[in-house]
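Q: Structure in structure tokens, see below.
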Amino acid sequence: MDVKIEESWKSVLADEFDKDYFRKLTDFVRGEYLSGKTIYPRARDIFNAFNLCPFDKVKVVIIGQDPYHEPGQAHGLCFSVPSGITPPPSLQNIYREIETDLGRPSSTHGDLTHWANQGVLLLNSTLTVIAHLAASHAGHGWEQFTDAVIGAVAKKEHVVYMLWGSYAQKKASLVDVSKNLVLKSVHPSPLSAYRGFFGCKHFSQANDYLIKTGQSPIDW
């Protein structure tokens, strides 16, 4: 089936798009948007993470769980919000760690598009959600699709995976740790950030690894 997604991803994921689960997922998501419910992100932004970060450009993978479900926040990139929207608490904590890790001020806005443009795949496990209802589109096939995405990236080498929280850490089983860098910590949410996210130094570790493997570092 024809999916509106960046061409390199369309090629890499072609087999997924023709599978029965993805057809059912597509029918479900289309029905949700047409039902009159408020669904986030906007339909045109569902595959934003892929469109901004082509497959052959992926250097870092950050895995979130669910899109933001309040007005104006979700735009297809995990942890990111459009410029002009107040950065949510988890993102504020990510910025705080960047500042202490790299010794410089971080961004004043919450739009992580500049990360995606440098090769950071900002991937939520579920790509759509009903307004105000966290995890409301979980269990309908998105997880199978995004696991296939991680599996496709895992065929590459020298990619950094930042796995924050127990949900993201389960995805490590899809990655060959001998050929890539897998960084794990607790989730950056206010509920857990003080238990190991602060001080994890993932951003400097990622850049050191990228440089060591002949790649350009990320301007975090």
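Q: Cβ-Cβ under 6 Å, sequence separation 6+ or interchain: first residue in region 179-197 and within 12 Å of residue 97 (Cβ to Cβ), partner at pLDDT 95 or above and open to solvent by 80 Å² or more (accessible area, probe 1.4 Å). Which pairs?
A: Within 6 Å, the pairs are 186/195.
Q: Can you pull out every residue in region 19-48 that is open to solvent by 90 Å² or more (accessible area, probe 1.4 Å) and either basic (Lys, Arg) or under 27 Å from residue 155 (Cβ atoms) (or both)?
A: Matches in region 19-48: 20, 23, 24, 30, 37, 42, 44.
Q: Shifting gears a bit: What's the number of the condition residue 152 fails, among (1) among the small types (Gly, Ala, Ser); (2) assigned to a helix (DSSP H, G or I); (3) without any contact (Cβ under 8 Å) to a residue 12 or more places away in the chain?
A: All conditions are met except number (3).
Q: Now for a separate question. Given the conditions (1) open to solvent by 20 Å² or more (accessible area, probe 1.4 Å); (2) part of a helix (DSSP H, G or I); (3) closer than 21 Å to residue 54 by Cβ, and given that residue 179 satisfies all but one, which numbered condition is not satisfied?
A: Among (1) open to solvent by 20 Å² or more (accessible area, probe 1.4 Å); (2) part of a helix (DSSP H, G or I); (3) closer than 21 Å to residue 54 by Cβ, residue 179 violates only (2).
Q: Please tell me if residue 52 is surrounded by 18 or more Cβ atoms within 10 Å (Cβ to Cβ), on the phi < 0 side of the Ramachandran plot and out of contact with any Leu (no Cβ under 7 Å at 6 or more places or on another chain).
A: yes
Q: To continue, here is another question. Answer yes if at least one residue in region 87-96 is touching a residue at least 12 places away in the same chain (Cβ under 8 Å), surrounded by 14 or more Cβ atoms within 10 Å (Cβ to Cβ) and over 21 Å from residue 183 (Cβ atoms), and no otherwise.
A: yes
Q: Further question on the same structure: I need the full set of residues from region 162-182 which are out of contact with any strand residue (DSSP E or B) (no Cβ under 7 Å at 6 or more places or on another chain) and within 20 Å of residue 214 (Cβ to Cβ), in order please.
A: Within region 162-182, 176, 177, 178, 179 qualify.
Yes/no per residue for (1) under 28 Å from residue 181 (Cβ atoms); (2) surrounded by fewer than 18 Cβ atoms within 10 Å (Cβ to Cβ):
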{"site": "58", "(1), (2)": "yes, no"}
{"site": "63", "(1), (2)": "yes, no"}
{"site": "102", "(1), (2)": "yes, yes"}
{"site": "134", "(1), (2)": "no, yes"}
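The values are calculated or read from the model by the stated rules, or taken from the named source; none is laboratory data. On a predicted model such as this, the values are computed, not experimentally measured, just so you know. Every residue, glycine as well, gets a Cβ built from its backbone with ideal geometry; the counts of neighbours run over all protein chains shown. Accessible surface is based on the protein model in full, side chains and every heavy atom, while ligands, DNA and RNA are left aside. Shrake-Rupley method; radii C 1.70, N 1.55, O 1.52, S 1.80 Å.
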